[in-house]
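To start, the structure itself, in structure tokens.
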Amino acid sequence: MAFFNKISNFAQKTKEAAQARSILAKDKRLDTSVSLAIVPEHARLDLITTFGLPSKVVTMAFDPVLGLLVTASQDQDRLVLCFFGKGFTSNIVLTGVQRIKYVHFKTGFPCLVLIDASNVVYMIDLRQRKVQHMLKTQGIITSCSYCTGTDWLFLGMADGYIDVLDTRLGKLSPYSIPDLLQPPQDQSNQPPDQPTKERHLVVALETHPNNVNWLLVAYDRSVLLWDIREQQIHEEYTLPSSTANFTSLAWHPRGDAFVAGDDLGLVHVWSLSSPHRPVLSRPVFPSIDPTSSSPIEPVYKLAWFLQSAESSLSCLVVAGGTAVQEMHGLHLIDLDDLADARKQSMLPFASDVADFTILWSDAYARHSPIGVVILGTNGTLASHRLEPGYPLFTLPPALSLLNPLMANMCFLPMMHPPLYQALTTVTEKDRQLLHLPLTGGSVSGHHVYKVPSNDLLMTLHVGEIIQFWDASYTALRPLPQLTVRCHDDLQDPNLFVCTIDLNATTGLLAIGFSDGTVLVYDFVHPTPAPTLPPRPQPADGTPLPPDIGSQFIAQCDDTINELQDILDDMDHASLQEEELSPAPSPHQPEQQPDRNHDHNAMPPPAVTSTNPFETHSPTAAATPSPQGSAMSHPLPASERQSTSTNPFDSNETCSAATGASDQASSVSPAPVPITHDMDPAELADSPAYSKHSLEANMTALKRSDKTFGFVPDLSIKLDGAINLMASTGNDVLACVTNFHDVCILQLTLQKTLAHLHVRDFPGLEIASHEKSDSNDLAVPVITCLYFANTYAHRNYTHTSSQLLIGLENGQLYQVDMGSMQASLLSTLATEVKDVHCVDLSGRPQQCPATASAPPPASIAPTTAGDLQQQHQQPASKHERSKSFIRRKSLKKKSATDSPADQPDGQQDEAWNALSRTSTTTTTSSAGSHGSAEKRAKHDYQPQDQPHLILTCSATTVACTLAGYCTKLFDWDLHEPDVTILRMAPIHIDGVFVRLGILWAIAFTVIASIGTHL
């Protein structure tokens, strides 16, 4: 049997090759490469920027003189230092470096000092971007402190000694400080490397803010003030009755006091004038329950600053010391006097605080700081201003992707210009954003700030938060007003996002979740406020009277808003009553409300079909309807086509090698389309029927009062998790569930247009389960979904809306949205990764952003009849209704006539609205003589506008001629370590080509349209 299968597959491939050669011989346009019109120098691929960080941030530092912030990200033995300045990001990569413990700027100098876990000190020259000095210390470094304005870095060791590093020479100074807790005779007679007596761990070091000769040294049980010039202990500070160990130190900004934290969660403030006992000892954040035995965090880090240079009010910043386990963040204690804590507040954070850095406004004065940057144990960062309310700073994009952590992303290139301009509109709130004040660094003259392309980036973050970025800027411009927080509109906070779709014509955002819920967000375009001329000032200087007109307009706006709320409540109540009321009989027609009623147009008659993709015969389509139906007034080409993006694919893919299937299976009878008003008896007999629910439960959501951005509009509930989504037109959405169902929805009318099941596709290759006692078959998973305006199967004359469905077994199906017939288009060896439909000029056949682009000179122009037909198309743009009542329950009028018996003009109001989402047919001269339906595949007649369907698997790119379903060529990737992930349209010199992004070695390749890639 296997031998005969091989022979059959070989015969099928031979037949396909013969058909392809016959077609290419008759139409030389299909053998022309688009790359011939591209200048090779303009097609070079250069790295412009890198978004995000390569790994988790472990530590950070800030230099107020250089105005730079640095973060250290580490992955095994690879260290990446990211420097953030004014509008730029620069990276330095080091290999063979252990985990970083400490990082310090040499203030005012292009030098960075690193200390790793193996106690190796690295000094990096930032100008040359390389390691200048490397020093291996003899002991274990447990603390360090840099003396601002000098070359000295003090290193506290585990044996109690303190070494001094000369950062200018890159070596240790001959001067060192011995273990200060040992007797003087032991300090002078015993070398530090002789382990005969007990050593004391140096836990913290702090240089005096005003006196460079004073160094504060903290051991386990005592703190000593060391005089460097006199080489003697100035004072010792201890807690005689306490068993706590010191953990951290901080000087008062004026240098007359210091604070020490311990491992019991207490802070102790000493004044230099009273060294015998602390003037203040208090817990940072004790437990509310005094009988609680929960452990208390040690005090990890301290910082102390003045509110202003002249003020006596100071603030103590504490990390740690919390007795409540669920609370995370920094504690800020306001001190009016050293012994008086006036107020305490908390700056919350999402996780445990690993480190924080004060953004000092002056490197030599500890007052009026700019803010604070907090680093969490999970690698997230946040920055706040240290003022009432603690407003957030907008971090650089690479750091903003970390808070909350990014889970997935999608890059949307070459968006439709009107939608791109609307999404990236600069509003007044954008101008009020508080960006992190990083003023340092400079860029070279060839630095690229903005790319001339309409690119957008969507990122999915932990907590089901979706953020948007303008990716045409190399540093990523944030679009915070477009941020969507899905949990605010969900009843179950445990749901997670599976897939997202952004309609590139209307900006409608659909988000699919793990329980079958789909949230639809409407995009509210920015409305510029009208500018009124200034009122004339009186000559005598008297004050102007109040503007009565403005007050009246404001009162009218308030009244309108109240009426809108009342109407929304009434609409919501009517929807609830209708859901509870029994369904009306199909033989009792009801009056249907019209949201888009035109008083100047004649109301169209009612028909039974509500399918917006239903096509008619060429004769009927070319004849104008006397009743003025929607199909007789086609939309412009730029409005008929739309782009769908599917960024977050959660399918668990697996490859299944399959042979080439018989092309005759694609003409077998297709399943009966399931419509919203189908009779239950017909539904049971329908081949597309499954045991799962076919109806989508749609509920209108209460719209927010946002004036710009995405607002919740509709909630849809389907049976099964949402794996894929794709949109077309203005408001048509196709959803794929994990039960292998494809549900096509009309969002404006809240209707289910069709319901398809993969099991009923003709010629489907299904693998049986391994268990012998089970009769279930493993239906292939849908891996790709794509709407296109192209030729239906065996239709060579007219283009219409088609849905391309790729499966994990390598089969690609084409579903005609007018008849809902599924046809097998092609078969690959492994799962279908991506699919696109283009014409001979490389233009995508569904992207409105490229519909008006001029064809290249190498492509034959269209006929005069086609140009005249395009010229007669109206230029009006269909927009969704913006009335007060957003959603009405539209009940469909019953009719006994079948769609085939109805003429073109017999369209009801529902069809009039739905047909706007369908594309207008385009007539080709290939079908002017004879019946196209009876033409065999190999009998090719050249078309005026051939379309190519490009399909890619992990290692193969195939090109199929639309309408004829003939594979012209395929190209195999002969790289064992490289797999194809996606294809995306790009254009070079006005010529459209395809860009395949390959994984595993960061390799990219440009594939031209033709027989040779």
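Kindly list the number of the only condition in (1) crowded, with 16+ Cβ neighbours inside 10 Å; (2) modelled with pLDDT of 50 or more; (3) within 24 Å of ASP46 (Cβ to Cβ); (4) touching a helix residue (DSSP H, G or I) at 6+ places or on another chain (Cβ under 7 Å) that fails for VAL978.
(4)
Report yes if some residue within segment 857-865 is assigned to a helix (DSSP H, G or I) and at pLDDT below 85; otherwise report no.
Yes: segment 857-865 contains one or more residues that are assigned to a helix (DSSP H, G or I) and at pLDDT below 85.
Keeping to segment 89-129, report how many residues are of a type in the set (Ser, Thr, Tyr) and either within 19 Å of PRO64 (Cβ to Cβ) or touching a helix residue (DSSP H, G or I) at 6+ places or on another chain (Cβ under 7 Å) (or both).
4
Residues GLN98, GLN128: which one is touching a Ser or Thr at 6+ places or on another chain (Cβ under 9 Å), open to solvent by 30 Å² or more (accessible area, probe 1.4 Å) and assigned to a loop (DSSP other than H, G, I, E, B)?
GLN98
Filter segment 733-748 down to residues that are in a strand (DSSP E or B) and hydroxyl-bearing (Ser, Thr, Tyr), then give me how many there are.
Total meeting the criteria: 1.
Taking segment 276-294, which residues are in contact (Cβ under 8 Å) with a residue 40 or more places away in the chain and closer than 20 Å to LEU330 by Cβ?
Hits for segment 276-294 are LEU280, ARG282, PRO283, VAL284, PHE285.
Quick one: PHE468 ticks every box in (1) under 30 Å from VAL372 (Cβ atoms); (2) modelled with pLDDT under 95 bar one, so which box is it?
It fails just one condition, (2).
Condition first: outside any strand (DSSP E or B), more than 24 Å from VAL373 (Cα to Cα), open to solvent by 50 Å² or more (accessible area, probe 1.4 Å) and aliphatic (A, V, I, L, M). Can you find one or more residues in segment 273-281 that meet it?
So far as segment 273-281 goes, yes, one or more of its residues are outside any strand (DSSP E or B), more than 24 Å from VAL373 (Cα to Cα), open to solvent by 50 Å² or more (accessible area, probe 1.4 Å) and aliphatic (A, V, I, L, M).
Would you check which residues across segment 382-421 are part of a helix (DSSP H, G or I) and more than 18 Å from the chain's Cα centre (by Cα) and list them?
PRO417, PRO418, GLN421
Do you know which of the residues in segment 282-311 that are open to solvent by less than 50 Å² (accessible area, probe 1.4 Å) and not in a loop (DSSP other than H, G, I, E, B) is farthest from THR59 (Cα to Cα)?
Here the answer is LEU306.
What tally of residues in segment 317-328 results from selecting those that are out of contact with any Asp or Glu (no Cβ under 8 Å at 6 or more places or on another chain) and either open to solvent by less than 10 Å² (accessible area, probe 1.4 Å) or on the phi > 0 side of the Ramachandran plot (or both)?
Total meeting the criteria: 2.
Under 24 Å from the mean Cα position of the chain (by Cα), of a type in the set (A, V, I, L, M), surrounded by 15 or more Cβ atoms within 10 Å (Cβ to Cβ) and outside any loop (DSSP other than H, G, I, E, B), is that true of VAL80?
yes
Touching a residue at least 24 places away in the same chain (Cβ under 8 Å) and closer than 25 Å to ALA510 by Cβ: does that describe LEU436?
Judged against the criteria, LEU436 is not a match.
What's the total number of residues in segment 54-71 that are within 14 Å of ASP355 (Cα to Cα) and part of a loop (DSSP other than H, G, I, E, B)?
1
Going by the conditions given, is ILE141 in contact with a Leu (Cβ under 6 Å, 6 or more places away or on another chain), over 25 Å from GLU236 (Cα atoms) and surrounded by 18 or more Cβ atoms within 10 Å (Cβ to Cβ)?
Spelling it out, it is not the case that ILE141 is in contact with a Leu (Cβ under 6 Å, 6 or more places away or on another chain), over 25 Å from GLU236 (Cα atoms) and surrounded by 18 or more Cβ atoms within 10 Å (Cβ to Cβ).
How about segment 46-77: which of its residues are open to solvent by 70 Å² or more (accessible area, probe 1.4 Å), of a type in the set (A, V, I, L, M, F, W, C) and out of contact with any helix residue (DSSP H, G or I) (no Cβ under 8 Å at 6 or more places or on another chain)?
Listed by number, the residues that qualify are LEU47, ILE48, VAL65.
Test LEU249 against the stated conditions and say whether it is under 46 Å from the mean Cα position of the chain (by Cα), surrounded by 20 or more Cβ atoms within 10 Å (Cβ to Cβ) and in contact (Cβ under 8 Å) with a residue 24 or more places away in the chain.
The answer is yes for LEU249.
The values are calculated or read from the model by the stated rules, or taken from the named source; none is laboratory data. Predicted model only: the values in this text are computed from it and were never measured. No Cβ is skipped: glycine too gets one built from the backbone with ideal geometry, and neighbour counts run over all protein chains shown. Ligands, DNA and RNA are stripped out before the accessible areas are found, and what is left, the full protein with its side chains, is counted by its heavy atoms. Shrake-Rupley method; radii C 1.70, N 1.55, O 1.52, S 1.80 Å.
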